[in-house]
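What follows is a single structure, written as structure tokens, with notes after it.
The values are calculated or read from the model by the stated rules, or taken from the named source; none is laboratory data. These numbers come from a predicted model, not from an experiment. Note: ideal-geometry Cβ built from the backbone for every residue, glycine included; neighbour counts use all protein chains shown. Side chains are part of the model used for accessible areas, which takes the heavy atoms of the whole protein and leaves out ligands, DNA and RNA. Shrake-Rupley method; radii C 1.70, N 1.55, O 1.52, S 1.80 Å.
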Amino acid sequence: MKKQLLALAITTLAATGALAQANDTLAKIKSTGAITLGVRESSGLGYTLGNGKYVGFHTEMAERIAGDVEKQLGLSKLDVKYQPVTSQNRIPLVTNGTVDLECGSTTNNMARQKEVAFAYTTYVEEVRIAVNAKSGITGIKDLNGKTIVTTTGTTSVQTLRKNKRADGLTFKEVMGKDHADSFLMLETGRADAFIMDGSILAANISKSKTPSDFKVVGEVLSVEPIACMLRKDDPAFKKAVDDSIVRQIKDGSLAKLYDRWFMQPIPPANVKVGLPLSAATKEAWEHPNDKPMESYEVK
Amino acid sequence: MSWDWQVFCQDTITQEVGASCFGKGGEITYLDWLLSAWGWTVSVSLLSLAIALVVGAIIGTLRTLPNSPWAVRLGNAWVEYFRNIPLLVHIFLWYHVIPTLVPAMKSLPGFVLVVFALGFFTSARIAEQVRSGVLALPRGQRYAGMAMGFTTFQTYRYVLLPMAFRIIIPPLTSETMNIFKNSSVAFAVSVAELTMFAMQAQEETARGVEVYLAVTGLYVVSAFAINRIMAWVEKSVRVPGLIAAGGGGH
């Protein structure tokens, strides 16, 4: 028993030691012939169709990055593996080496930059308000005394808290355990407004029973740069990812990808999300950068 | 892995570490929030436990009544209903479905609905323990009550239940501890308890390990406190020479 424990301890030590040194993702990809993409199961930018199939704007963009990395390394074949991640485990899975590149809906902010690196911003999320079309709510000032729902484990909760203090509003805050749950609270009248990323609101409304019952109203509450996440201190891999993103912006393929996932009917239900490219995202594409959320301002 | 326990002293809006780890003048630090979340967890658990014990004792007793087949059927139906549906589904039934059927319940806060759902769910399990406790008693106990001229109520009150409850204290201890752990489902309907705090705070601070360790610690402390209280109850109601007192033997 003791021997087994010792052996286990040594292997664990060796494994963590190996991981700590493997900060050269390109070398790792070359030697294993595989890249692991971190993907989301249900978010506005990436989701699953079941049976291990992952799709979406950011997921497909990540596949193209993998393709460019394959070309750069001169590999004849690159095995793309998918690892579903959640808000809770995405950072640990990137830092411990399970995931090489996470392209989901991760906000680039200062707190996270202490642990991971971010590629160029590829999407700028705007936090908005969704309400029942008949409610008469047109902006944050109408939310006084109302019940507002957001989803647990998102940055929108903080946005809401900041606005609450800044505008001196008093409202009741409830939290859904996931977006579907939050939207259900709006649908069933348990909440008057749902505050969340614009893409998630648009996707939930388009998938609801009667999309015309709901609308997105009011000012943009916060803007958040969304970017692919990778391990820190790996400049060669970051450059490869950034170069691929710039290539996709320059040759217009990223814009086409956006059109396909946000303006055209998409699986599984073949419904349009209907979220035109925002000025903020366009600006990020024109001036590729990896600035965190803190350097953005609400206009 | 480096630790950063300072994270609990951060303000929840500015993310700055203040002089004291408790917020002043309307400011809320993560520590303040953690303690309030703990308060919600404890409140949900204790109130559910109260409901579970009362309802469980009544339903369990109903199921052992002689000559009252309908009371037995009612008790059985209650237990089977609550024990065959997962707890999370119960919570959703109570939160989303029942209020659409009974509009008067729409105004009830999530907290109340969770307390009922968790309390009733656990009551089914306690009822089963009470029933097995009563059935474990020798048949002579009931006859003794009848021979004394006791009514059925008196037989239960003075003879059967006092012994049955002593027998089932160990499984009852597990159940009371389970309530603390099961209370984590309350986050699904927007009760700001420990699990919700953990999900939200780790997202805001990116210090998931510290946050989850703190929450784990508080769950352990709460469940173990109940465990110690139950151990004390078990010891203080022990009857010398009766069932399993100090190494067994009837």
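When you scan the stretch B:105-186 for helices (runs of 4 or more DSSP H) that lie fully inside it, which ones turn up with 2 or more residues that are within 14 Å of chain A (Cβ to nearest Cβ) and closer than 15 Å to B:SER48 by Cα?
B:110-136
Since B:LEU47 meets every condition but one in (1) among the hydrophobic types (A, V, I, L, M, F, W, C); (2) surrounded by fewer than 18 Cβ atoms within 10 Å (Cβ to Cβ); (3) in contact (Cβ under 8 Å) with a residue 12 or more places away in the chain, which condition does it not meet?
With respect to (1) among the hydrophobic types (A, V, I, L, M, F, W, C); (2) surrounded by fewer than 18 Cβ atoms within 10 Å (Cβ to Cβ); (3) in contact (Cβ under 8 Å) with a residue 12 or more places away in the chain, B:LEU47 is out only on (2).
Just one of the numbered conditions (1) part of a strand (DSSP E or B); (2) β-branched (Val, Ile, Thr); (3) touching a residue at least 60 places away in the same chain (Cβ under 8 Å) is not true of A:THR138; which one?
Just one mismatch for A:THR138, condition (1).
Looking at A:ALA130, A:ALA62 in this structure, which one is at pLDDT 90 or above, more than 15 Å from the chain's Cα centre (by Cα), crowded, with 22+ Cβ neighbours inside 10 Å and of a type in the set (Gly, Ala, Ser)?
Within the list A:ALA130, A:ALA62, the selection yields A:ALA130.
Regarding B:ALA57, is this residue buried (at least 21 other Cβ atoms within 10 Å of the Cβ) and either within 14 Å of chain A (Cβ to nearest Cβ) or out of contact with any Leu (no Cβ under 7 Å at 6 or more places or on another chain) (or both)?
No: the conditions fail for B:ALA57.
Against the condition in contact with a Ser or Thr (Cβ under 8 Å, 6 or more places away or on another chain), surrounded by fewer than 24 Cβ atoms within 10 Å (Cβ to Cβ) and facing another protein chain (nearest Cβ under 9 Å), how does A:ARG165 come out, does it pass?
Judged against the criteria, A:ARG165 is not a match.
Name the residue that is farthest from the chain's Cα centre (by Cα), counting only residues in the stretch B:192-238 that are within 14 Å of another protein chain (Cβ to nearest Cβ) and among the small types (Gly, Ala, Ser).
If we take residues in the stretch B:192-238 being within 14 Å of another protein chain (Cβ to nearest Cβ) and among the small types (Gly, Ala, Ser), then B:ALA206 is farthest from the chain's Cα centre (by Cα).
Which of (1) crowded, with 16+ Cβ neighbours inside 10 Å; (2) within 16 Å of A:ARG161 (Cβ to Cβ); (3) more than 12 Å from chain A (Cβ to nearest Cβ) does B:SER36 not meet, given it meets every other one?
B:SER36 satisfies every listed condition except (1).
Report whether or not A:ARG112 is closer than 30 Å to A:GLU286 by Cβ and away from chain B (no Cβ under 14 Å).
no
For the stretch A:206-246, give me each residue that is of a type in the set (S, T, N, Q) and either free of Cβ contacts under 8 Å to residues at least 40 places away in the same chain or out of contact with any Phe, Trp or Tyr (no Cβ under 9 Å at 6 or more places or on another chain) (or both).
Of everything in the stretch A:206-246, those that are of a type in the set (S, T, N, Q) and either free of Cβ contacts under 8 Å to residues at least 40 places away in the same chain or out of contact with any Phe, Trp or Tyr (no Cβ under 9 Å at 6 or more places or on another chain) (or both) turn out to be A:SER206, A:SER208, A:THR210, A:SER212, A:SER244.
Would you pick out the residues in the stretch A:179-229 that are more than 14 Å from chain B (Cβ to nearest Cβ), touching an Asp or Glu at 6+ places or on another chain (Cβ under 7 Å) and either within 30 Å of A:ASN23 (Cα to Cα) or in a loop (DSSP other than H, G, I, E, B) (or both)?
Answer for the stretch A:179-229, where residues must be more than 14 Å from chain B (Cβ to nearest Cβ), touching an Asp or Glu at 6+ places or on another chain (Cβ under 7 Å) and either within 30 Å of A:ASN23 (Cα to Cα) or in a loop (DSSP other than H, G, I, E, B) (or both): A:SER208, A:ILE226, A:ALA227, A:CYS228.
Keeping to the stretch B:111-136, report how many residues are more than 21 Å from B:PRO86 (Cα to Cα) and open to solvent by less than 30 Å² (accessible area, probe 1.4 Å).
Count: 3.
I'm trying to understand the selection: among the residues of the stretch A:149-158, which are open to solvent by 10 Å² or more (accessible area, probe 1.4 Å) and either more than 8 Å from every other protein chain (Cβ to nearest Cβ) or not in a loop (DSSP other than H, G, I, E, B) (or both)?
Result: A:GLN158, single match.
Report yes if A:GLN72 is under 19 Å from A:ILE29 (Cβ atoms), over 25 Å from the mean Cα position of the chain (by Cα) and more than 13 Å from chain B (Cβ to nearest Cβ), otherwise no.
In short, yes.
Tally up the residues in the stretch B:11-26 that are at the interface with another protein chain (Cβ under 10 Å from one of its Cβ atoms) and not small (Gly, Ala, Ser), please.
4
Within the bounds of the stretch A:109-116, is there any residue that is modelled with pLDDT of 90 or more, over 21 Å from the mean Cα position of the chain (by Cα), in a helix (DSSP H, G or I) and surrounded by 14 or more Cβ atoms within 10 Å (Cβ to Cβ)?
Within the stretch A:109-116 (the criterion being modelled with pLDDT of 90 or more, over 21 Å from the mean Cα position of the chain (by Cα), in a helix (DSSP H, G or I) and surrounded by 14 or more Cβ atoms within 10 Å (Cβ to Cβ)), the answer is no, since none of the residues qualifies.
Going residue by residue through the stretch B:12-30, is there one that turns out to be under 17 Å from B:VAL112 (Cα atoms) and open to solvent by less than 70 Å² (accessible area, probe 1.4 Å)?
no
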